[in-house]
Amino acid sequence: MLLLIKAVGISMVVLGVIFLADPEKMRRYMAYWQRNKNIYTGGVLTLLFGILFLSAASECGWFILVIGVLSIIKSIFIFASGCGRIKGFINWWVERPVSVLRWTASIYLAMGIFIIYSV
């Protein structure tokens with residue numbers, strides 16, 4: 001289980017570096033999740049990640065616990081809001097300037113590093 005969480009952290013670091021280098025890839029990544037089927041797939045994946053993180057929180061510490069709780073809250077928000085509202089939220093992010101996308105990618109990168117460090 002800890003290996004899975006570390007893999008998630010490594011994936012976040014890799015994506016953070018890619019998105020920092022090319023913010024247009026981040027736009028395409030976000031646009032991918034706008035389809036109805038992909039929105040619900042993302043909700044299920046977020047819920048599964050939240051459960052994974054919560055189940056490992058006793059071994060890893062408070063940061064993993066917080067990420068798990070936030071993931072479950074995010075999945076509830078995705079399913080409760082519906083596709084229209086989520087598409088609007090994703091569109092809002094896709095339209096942000098490159099500087100905001102790079103700032104977001106750096107946060108994503110830092111979270112991946114903290115996840116790896118916490119495990």
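The values are calculated or read from the model by the stated rules, or taken from the named source; none is laboratory data. Being a predicted model, the structure only gives us computed values, none of them experimental. Glycine also receives a Cβ, built like all others from the backbone with ideal geometry; neighbour counts cover every protein chain displayed. Calculation scope for accessible area: heavy atoms of the full protein, side chains included, ligands and nucleic acids excluded. Shrake-Rupley method; radii C 1.70, N 1.55, O 1.52, S 1.80 Å.
For residue 16, the test of being closer than 26 Å to residue 65 by Cα, modelled with pLDDT under 95 and surrounded by 15 or more Cβ atoms within 10 Å (Cβ to Cβ) is failed.
Checking each residue in the range 36-70 for being over 30 Å from residue 84 (Cα atoms) and not hydrophobic (A, V, I, L, M, F, W, C) picks out 55, 58, 59, 61. Across the range 75-95, the number of residues qualifying as buried (at least 16 other Cβ atoms within 10 Å of the Cβ) and either free of Cβ contacts under 8 Å to residues at least 40 places away in the same chain or farther than 27 Å from residue 22 by Cα (or both) comes to 2. Suppose the filter is surrounded by fewer than 13 Cβ atoms within 10 Å (Cβ to Cβ) and polar (S, T, N, Q); does residue 106 pass it? So residue 106 fails the test. Checking residue 72 against (1) within 13 Å of the chain's Cα centre (by Cα); (2) free of Cβ contacts under 8 Å to residues at least 24 places away in the same chain; (3) open to solvent by less than 60 Å² (accessible area, probe 1.4 Å), which test does it fail? The number of the failed condition is (2).
In this structure, is residue 113 modelled with pLDDT of 95 or more and in contact with a helix residue (DSSP H, G or I) (Cβ under 9 Å, 6 or more places away or on another chain)?
Values: modelled with pLDDT of 95 or more: yes; in contact with a helix residue (DSSP H, G or I) (Cβ under 9 Å, 6 or more places away or on another chain): yes.
It is true that residue 113 is modelled with pLDDT of 95 or more and in contact with a helix residue (DSSP H, G or I) (Cβ under 9 Å, 6 or more places away or on another chain).
Of the residues contained in the range 51-68, none is found to be within 18 Å of residue 35 (Cα to Cα) and open to solvent by 30 Å² or more (accessible area, probe 1.4 Å). Within the range 109-119, take every residue that is small (Gly, Ala, Ser) and under 13 Å from the mean Cα position of the chain (by Cα) and give me the one that is least open to solvent (accessible area, probe 1.4 Å). If we take residues in the range 109-119 being small (Gly, Ala, Ser) and under 13 Å from the mean Cα position of the chain (by Cα), then 112 is least open to solvent (accessible area, probe 1.4 Å).
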